Amino acid sequence: MERKLMKGNEALAEAAIRAGCKCFFGYPITPQTEISAYMSKRMPKVGGVFLQAESEVSAINMVYGCASSGIRCMTSSSSPGVSLKSEGVSYIAGADLPCVIINVMRGGPGLGGIQPSQADYWQATKALGHGDFQLLVYAPSSVQEMADTVTKAFDLADKYRMPALILADGLLGQMMEPVAFEDVDISFGDGSDKEWAARGHNNERKHNISNSLYLKPDELEDRIVERFKRYDVIKANHTEAECYKTDDAELIITAYGSVARIAKAAVDAARAKGIKVGLFRPITLWPFPEKELKAACANAENVLCVEMSMGQMIEDVKLALECKKNVEFFGRTGGIVPKPSEILAKIVEMTQKGAE
Amino acid sequence: MLNNPATIITGHYGSGKTNIAVNLALEFADAGEKVCIIDLDIVNPYFRTADFDKLFKDKGIYLVAPQYANTNLDIPSLGFDLAALLRQYDRVVIDVGGDDAGAIALGQYSTVLKNFGYDMIYVVNSFRYLTSTPEEAIELLRDIELVSSLKATAVVNSSNLGVSTTAEDVLGSVEYAKAAADAAGLPLLFTAAKRDISVPGTKAVDVFVRPFWEENDIEE
């Protein structure tokens, strides 16, 4: 397959178009602005819509409207902008509508900084908006995966009628790597086969209404319980993770996204020193690949969670392992990217402690 | 070629501009020239010339960068006197931001550059998505020339797929680069290939711009 050199942001945007995204609503913010810039160039050429909204809040509400019609649509932003979108995301989840949201994370809280970060893990997996709901969350760790996960995100969002989020970071958005695009079969067409879509009833069927307001508690509870049954199906069928040299590993590193790439370099360096260490990389953050992690840690006593934050995913790691393993943490934050040597030093420290 | 005091590097972002700029600056310095390199990228806060300040210091190359490069302040502020730098240094290498968006920053210096004399290199990469045909490459070149009020004087072929670039990839791109240069009416100055894949007929360059996990900071 023909390979092109692309930025993560560009590859993601191109893959979205190929996955049938017809409408993109954006607002610029570093380090994800290339997504909007790319969409503005490409969407008019493929008969799609690029619209720069007046704010992140409007962009997500345009997504809400567009998703109601069954058309595949997307918005993207970076951390502070994603916070602004949270109300809209909750409404979309409450109305059971599919869409894709991109967060190319930068440092926070507040305006934070413009360098890469992973400090929005909690926001993405636990609470991007109020209420009982989850988002599908993918964490790509290469430019190729930026493209591949966006296709999966659109497919699963449609299948389960829920918003999906790609949680990337400034490094992945900005770096360039070769990428190849697979031909995607977009069998859903223009969305007209979605029986729930509000796109004109022609007096031939009852109204379809997109709504998240249920004033009768029993009715609201029924909706939420039904939604969580769908979540159970997703948890059982759609967890994804990569295992790297975990088979004989006595120490397992858990890391996602760009940091997993750095951790991999540290694993290779540790292996060269004869330390049995492996990497477990969640690709879906929600649902968290619990059974996969348990299996990967079967022979390991120690787990090291590495993140570009003060430690957020570590909680899901501990929950998945039911606190049966010793889980330690190494992280850099505020836009500082950990170096392979720093992770290696922590590996060596944990190994020596174990030997004593 | 490249006999003028200013060497300007332009191109599509991701074409390999910064890497070519750093290589040329080092080459000029090795040849005994007093070199200044200007990071004129006011568009992209990641992967830029200013990342190599230590390398430049070691080689005696003076680095000029936007005032807030590599900080968290997203302000594209430039504060230097180009004419003074051109008087002071044998060679000023200017690494311009990507596309016409990045080249806008160059326009304000066009008069000074015309007065002192410049070579303007247009870097092409056949593997980049929006410049993968000679026609697309020329379309972008014209946009860059328009906003910078300067004319390109040579094409450099930096076609690459990052770390996984093979000799075949580089050789296969030469026709594309020649076609682009011909269409632009410019000479193809050279085709660059990273040093570890020796490709006959190309100029060996070192790869400075690379992701964090490829920076081997681990001592054996």
Tell me the net charge near B:L2. Cut-off is 10 Å between Cβ atoms, B:L2 excluded, with +1 for each Lys or Arg and -1 for each Asp or Glu. -1
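Which of the peptides A:247-260, A:204-217 is most tightly packed, and how do the rest follow, judged by the mean count of other Cβ atoms within 10 Å per residue? Let's see the in-between values first.
Values: A:247-260: 24.6, A:204-217: 10.1.
The most tightly packed comes first, giving A:247-260, A:204-217.
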Using only Cα atoms, tell me the angle between helix A:8-18 and the longest principal axis of chain A; keep it within 0 to 90° and round to the nearest 10. 40 degrees
What is the extension gain from A:D222 to A:L319, computed as 0.36 nm multiplied by their sequence separation minus the C-alpha to C-alpha distance, in nm to one decimal? 32.1 nm
Can you list the residues, at least 5 places off or on another chain, whose amide H is less than 5 Å from the amide H of B:M120, using H built in the peptide plane? B:I8, B:T153, B:A154
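Placing +1 at every Lys and Arg Cβ and -1 at every Asp and Glu Cβ, with all other atoms neutral, what dipole size does region A:209-356 have around its Cα centre, in debye to the nearest 20?
Values: 22 positive and 23 negative charges, 88 e Å.
The dipole magnitude comes to about 420 debye.
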Put one equal scatterer on each alpha carbon of region B:71-197, apply the Debye formula with no solvent term, and list log10 I(q)/I(0) at q = 0.09, 0.17, 0.18, 0.20 1/Å to two decimals. -0.30, -0.95, -1.03, -1.15
Describe numerically, in nm with one decimal, the distance between label points set 7 Å from Cα along Cα→Cβ at B:A101 and at A:I336. 3.0 nm
In degrees between 0 and 90, to the nearest 10, how far off the longest principal axis of chain A does helix A:340-355 point, with axes built from Cα atoms? 50 degrees
Send over the Kirkwood Rh of chain B, from the inverse of the averaged 1/r over different Cα pairs, rounded to one decimal Å. 17.4 Å
Could you grab the relative contact order for region A:242-355? Cα pairs under 8 Å, six or more apart, rounded to a whole percent. 30 percent
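Nothing charged except the Cβ atoms of Lys and Arg (+1) and of Asp and Glu (-1): what's the magnitude of the dipole of region A:2-237 about its Cα centre? Round to the nearest 20 debye.
Working: 25 positive and 29 negative charges, 52 e Å.
I would put it at about 240 debye.
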Helix A:257-272 axis, angle to chain A major axis (alpha carbon atoms, nearest 10°): 20 degrees
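How would region A:242-355 be classified by its alpha-carbon gyration tensor: rounded, prolate or oblate, with rounded meaning a/c under 1.5 and the a/b versus b/c comparison settling the rest?
Since a/c stays below 1.5, the shape of region A:242-355 is classed as rounded.
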Inter-chain shielding metric for B:119-130, i.e. average beta-carbon neighbours from other chains within 10 angstrom, reads 3
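Taking the mean number of other Cβ atoms within 10 Å as a proxy for protection, how do you rank B:27-36, A:262-271 from highest to lowest? Could you put the intermediate results ahead of the total?
On the way: B:27-36: 16.4, A:262-271: 23.6.
My ranking of the peptides, most packed first, is A:262-271, B:27-36.
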Tell me the relative contact order for region A:2-237 as a rounded percent, counting alpha carbon contacts under 8 Å between residues six or more apart. 25 percent
What number, in percent, do you get for the relative contact order of region B:6-214 if the mean sequence gap of Cα pairs under 8 Å and at least 6 apart is divided by its residue count? 24 percent
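Given the rule -39500 (n - 2.57) for each run of at least 4 DSSP H residues, summed and divided by the residues of chain A, what is its mean residue ellipticity at 222 nm, to the nearest 500 deg cm²/dmol? Each step should come with its number before you reach the end.
Working: 12 runs with 147 residues, N = 356.
Estimated from H runs of four or more residues: -13000 deg cm²/dmol.
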Spelling it out for A:F133: with amide H atoms placed in the peptide plane at 1.01 Å from N, the residues 5 or more places away or on another chain with amide H under 5 Å from its amide H are none
Compute the distance in nm between two label points, each set 7 Å from the Cα along the Cα-to-Cβ direction, one at A:K353 and one at B:T111. 6.5 nm
For chain B, which DSSP H helices look membrane-span-like by this rule: Cα extent along the axis of 15 Å or more and mean Kyte-Doolittle of at least -1.0? B:17-30, B:134-148, B:167-184
With unit charges on the beta carbon (Lys/Arg positive, Asp/Glu negative), name the residue among A:I17, A:I60, A:A157 whose Cα is farthest towards the positive pole of the charge dipole of chain A. A:I17
FRET efficiency estimate (nearest 0.05) - Cβ-Cβ, A:V49 to A:I209, R0 25 angstrom: 0.60
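What are the GluC sites (Glu not before Pro) within region A:35-141 that DSSP puts in a loop, where the Cβ has at most 15 other Cβ atoms within 10 Å?
On the way: sites: A:E54, A:E56, A:E87; in loops: A:E54.
Those that pass, being in a loop and sparsely packed, are A:E54.
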Cα centroid separation, region A:100-120 to region A:70-89 (Å): 13 Å
Using the basic label-point model (7 angstrom from Cα toward the beta carbon), what is the B:A183 to A:A295 distance in nanometres? 5.0 nm
For region A:114-236, using Cα atoms only, the Rg and Dmax in Å read 17.9, 53
Strictly greater than 24 Å: what percent of every Cα pair in region B:1-127 meets that? 19 percent
P(r) of the protein assembly as shown over all Cα-Cα pairs, binned every 20 Å from zero, in whole percent: 20, 50, 27, 4, 0
By the gyration tensor of its Cα atoms, with a ≥ b ≥ c the square roots of the eigenvalues, what is the shape of region A:312-356: rounded for a/c under 1.5, prolate for a/b over b/c, or oblate? oblate
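None of the figures in this text is laboratory data; all of them are computed from the coordinates on show. Keep in mind it's a predicted model, so treat the numbers as computed, not measured. When we count neighbours, we look across all protein chains shown, and the Cβ atoms used for this are built from the backbone with ideal geometry, even at glycine.
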